[in-house]
Amino acid sequence: MRSLSTEISFPDNFLWGSSSAAYQIEGAHDEGGKKPSVWDCFSHEPNRTFANTNGDIAVDHYHRFEEDVELMKEMGLKAYRFSISWARIFPEGTGQINQEGVLFYDQLIDLLIDSGIEPIVTIYHWDLPQALQDRYGGWESRKIIDDFAYYASFLFDHFGDRVNHWITVNEQNVFVMQGWLFGLHPPGVKDSKRAFKVNHIVNLANAKVIDLFHSLGNKGKIGPSFAYSPAYSVDSSPESVLAMENFNVFFTDFWLDVYVRGIYPSFVRKRLTDIGISLGELPGDDVVLRRGKPDFIGINYYQSTSVTFDETEPKNWSSFSTLVKGAKKVSNPYLKKTDWNWTIDPIGLAVTLRRLESRYQLPILITENGLGAHDELTEDGCIHDQYRISYLKEHLIAINEAIADGVTVIGYCSWSFTDLLSWLNGYKKRYGFVYVDRDDESARTLERYRKDSFHWYQKVIESNGLNLI
Ligand code: BGP
């Protein structure tokens with residue numbers, strides 16, 4: 001692999017951060033006035049998740065947030081990205097506010113600020129109040145646009161004096177397709193026609209909230225987080241290169257063009273029309289989309305994808321890749337893989353950042369990047385996760401290179417701070433700097449242990465990146 005060799009130089013105010021999401025860490029699923037989210041219900045159905053794991057207790061952050069923030073402070077974290085559980089604030093999705101839920105986030109935000117850590121708040125990280133799913137089918141109804149705006153405007157009003165960076169929706173491209181095309185996330189639907197209509201409604205909700213944020217004159221910045229996986233052509237055959245173009249326009253431009261420019265790429269629009277899929281647009285939607293331009297793009301980067309030309313035209317659209325004309329995913333012989341078979345490709349992050357800068361010229365906040373691995377707690381309470389250090393280090397070197405090339409990157413939030421629940425892979429897929437003593441079968445002691453990567457990242461932050469190499 002080519003090593004990137006630019007001198008290390010991160011901006012002075014670079015947001016050295018780490019991330020989490022409410023459902024994956026909080027636990028206390030039925031405490032403090034909270035009502036169920038779609039994930040609470042879905043994970044209680046048999047065989048929906050790995051070993052039927054759920055977030056009932058998760059890593060008990062709801063009760064241990066003080067200890068967790070103390071660890072963040074010790075590490076010297078500059079920013080912490082977390083999500084607010086909609087059902088903790090509005091247990092019914094809208095209407096009555098749950099003051100206990102508001103208090104929890106007030107305490108968390110205040111403690112972060114007192115500890116010198118900037119809170120970065122995700123408004124929606126997939127845990128829709130079940131009440132809205134039951135009332136009108138959640139994201140399948142346009143009613144959700146107003147309810148989402150109502151929830152977000154409460155957050156802006158109440159926490160806006162203390163929060164500078166807001167993420168509207170996390171990985172729309174993942175939760176919509178997993179939820180309505182693959183049937184693997186709630187509501188467990190497999191229907192491409194419904195999936196694209198839902199996707200359009202999420203676009204409208206996202207744009208409306210961004211527009212609202214700006215028109216209310218809020219201080220701070222706002223943008224969505226997108227799961228970006230750049231596609232490479234498997235070889236230099238022109239057919240494969242064209243397949244790669246199709247893949248990228250479908251998997252990335254299809255969302256990012258709407259976020260930034262308020263328009264769907266014409267190639268995707270044409271392709272969907274050809275195969276009889278409608279976006280469900282109504283007159284006036286284009287105006288809403290155009291008004292919702294984000295201040296930055298949040299990027300979750302884990303891996304790249306490789307594609308080859310494939311001339312077979314599938315008979316049904318049961319998977320997203322089959323929607324892409326003439327393209328098929330293939331393995332990349334140049335890349336190693338994680339324990340969960342995800343490619344490890346730091347240069348792919350530099351490619352991502354370069355492509356984003358070329359197309360949109362907006363600041364970028366890396367909102368997730370990390371390595372899911374099996375970690376071992378040794379008898380003396382250590383976790384020697386050199387593999388995670390190498391992974392994060394290589395990705396940070398790639399970011400440094402992109403910055404040197406002229407990309408504006410305002411911060412980096414690793415995934416994740418503590419170990420936490422993986423939506424579909426249970427507790428044994430660990431990402432954190434802090435090991436949590438629990439497994440798929442039981443919550444065990446829930447004690448926290450600093451991994452080697454904790455001490456490594458502490459030094460990276462302290463030196464503003466200079467200690468990377
Ligand atoms: C992203 C999600 C995160 C997190 C991460 C790791 O898609 O935004 O919430 O889960 O992926 O994924 P996984 O848990 O599947 O390894």
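At pLDDT 95 or above, open to solvent by 50 Å² or more (accessible area, probe 1.4 Å) and either hydrophobic (A, V, I, L, M, F, W, C) or on the phi > 0 side of the Ramachandran plot (or both): is that true of Val351 in this structure?
Criteria not met by Val351.
So that you can scan it fast, the table gives a plain yes or no per residue for (1) within 16 Å of the ligand (Cβ to nearest atom); (2) within 18 Å of the chain's Cα centre (by Cα); (3) in a strand (DSSP E or B):
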| site | (1), (2), (3) |
| --- | --- |
| Ile123 | yes, yes, yes |
| Ile145 | no, no, no |
| Ser153 | no, no, no |
| Phe156 | no, no, no |
| Asp161 | no, no, no |
| Val174 | yes, yes, no |
| Gln178 | yes, yes, no |
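Residues in the stretch 1-59 that are closer than 28 Å to Pro346 by Cα, more than 23 Å from the chain's Cα centre (by Cα) and either among the charged types (D, E, K, R) or within 16 Å of the ligand (Cβ to nearest atom) (or both): how many?
Looking only at that region, the number is 3.
Can you pull out every residue in the stretch 187-200 that is in contact (Cβ under 8 Å) with a residue 24 or more places away in the chain and open to solvent by 10 Å² or more (accessible area, probe 1.4 Å)?
Listed by number, the residues that qualify are Pro187, Gly188, Lys190, Ser192, Lys193, Arg194, Lys197.
How many residues are of a type outside the set (A, V, I, L, M), touching a Phe, Trp or Tyr at 6+ places or on another chain (Cβ under 9 Å) and at positive phi when one looks only at the stretch 41-82?
So the count comes out to 1.
Out of all the residues in the stretch 210-227, which are touching a helix residue (DSSP H, G or I) at 6+ places or on another chain (Cβ under 7 Å), under 22 Å from Asp253 (Cβ atoms) and open to solvent by less than 10 Å² (accessible area, probe 1.4 Å)?
Ile222, Pro224, Phe226
Take the residues in the stretch 380-407 that are within 16 Å of the ligand (Cβ to nearest atom) and not aromatic (Phe, Trp, Tyr), then tell me which one is farthest from Met72 (Cα to Cα).
So, considering only residues that are within 16 Å of the ligand (Cβ to nearest atom) and not aromatic (Phe, Trp, Tyr), the one farthest from Met72 (Cα to Cα) is His395.
Is at least one residue of the stretch 319-329 open to solvent by less than 90 Å² (accessible area, probe 1.4 Å), farther than 20 Å from Thr6 by Cβ, of a type in the set (A, V, I, L, M) and modelled with pLDDT of 95 or more?
Looking through the stretch 319-329, none of the residues is open to solvent by less than 90 Å² (accessible area, probe 1.4 Å), farther than 20 Å from Thr6 by Cβ, of a type in the set (A, V, I, L, M) and modelled with pLDDT of 95 or more.
Report, by residue number, each residue of the stretch 38-87 that is surrounded by 22 or more Cβ atoms within 10 Å (Cβ to Cβ), among the β-branched types (Val, Ile, Thr) and touching a His at 6+ places or on another chain (Cβ under 9 Å).
Val38, Ile84
Phe247 - would you say it is of a type in the set (A, V, I, L, M, F, W, C) and part of a helix (DSSP H, G or I)?
Yes, satisfied.
What are the pairs with Cβ atoms under 7 angstrom where one residue, in the stretch 447-467, is over 15 Å from Thr378 (Cβ atoms) and the other, located anywhere, is open to solvent by less than 40 Å² (accessible area, probe 1.4 Å) and at pLDDT below 95? Sequence gap at least six, or different chains.
Short answer, once both residue conditions are applied: Val460/Leu468; Gly465/Ile8; Leu466/Ile8.
Do you know which residues across the stretch 377-393 are without any contact (Cβ under 8 Å) to a residue 12 or more places away in the chain and assigned to a loop (DSSP other than H, G, I, E, B)?
Passing the criteria: Thr378, Glu379, Asp380.
In the stretch 115-145, how many residues are more than 30 Å from Leu71 (Cβ to Cβ) and free of Cβ contacts under 8 Å to residues at least 60 places away in the same chain?
Result for the stretch 115-145: 6.
Could you check the stretch 233-249 and list, in sequence order, the residues that are among the aliphatic types (A, V, I, L, M) and open to solvent by less than 40 Å² (accessible area, probe 1.4 Å)?
Passing the criteria: Ala243, Met244, Val249.
Count, please, the residues in the stretch 408-445 that happen to be more than 24 Å from Asn300 (Cβ to Cβ), surrounded by fewer than 19 Cβ atoms within 10 Å (Cβ to Cβ) and either more than 16 Å from the ligand (Cβ to nearest atom) or basic (Lys, Arg) (or both).
6
Can you tell me which residue within the stretch 36-58, out of those that are in a loop (DSSP other than H, G, I, E, B) and aliphatic (A, V, I, L, M), is nearest to Ile25 (Cα to Cα)?
Of everything passing the filter in the stretch 36-58, Ala58 is nearest to Ile25 (Cα to Cα).
Looking only at the stretch 355-367, how many residues end up being open to solvent by 10 Å² or more (accessible area, probe 1.4 Å) and either closer than 24 Å to Ala79 by Cα or touching a Ser or Thr at 6+ places or on another chain (Cβ under 7 Å) (or both)?
4
Which condition number in (1) open to solvent by less than 40 Å² (accessible area, probe 1.4 Å); (2) within 16 Å of the ligand (Cβ to nearest atom); (3) in contact with a helix residue (DSSP H, G or I) (Cβ under 7 Å, 6 or more places away or on another chain) is the one that Leu184 fails?
(1)
The values are calculated or read from the model by the stated rules, or taken from the named source; none is laboratory data. Here the structure is a predicted model, which means the values were calculated and not measured. Reconstructed Cβ throughout: ideal geometry from the backbone, glycine too, with neighbour counts over all protein chains shown. Accessible surface areas use protein heavy atoms only, side chains included; no ligands, DNA or RNA. Shrake-Rupley method; radii C 1.70, N 1.55, O 1.52, S 1.80 Å.
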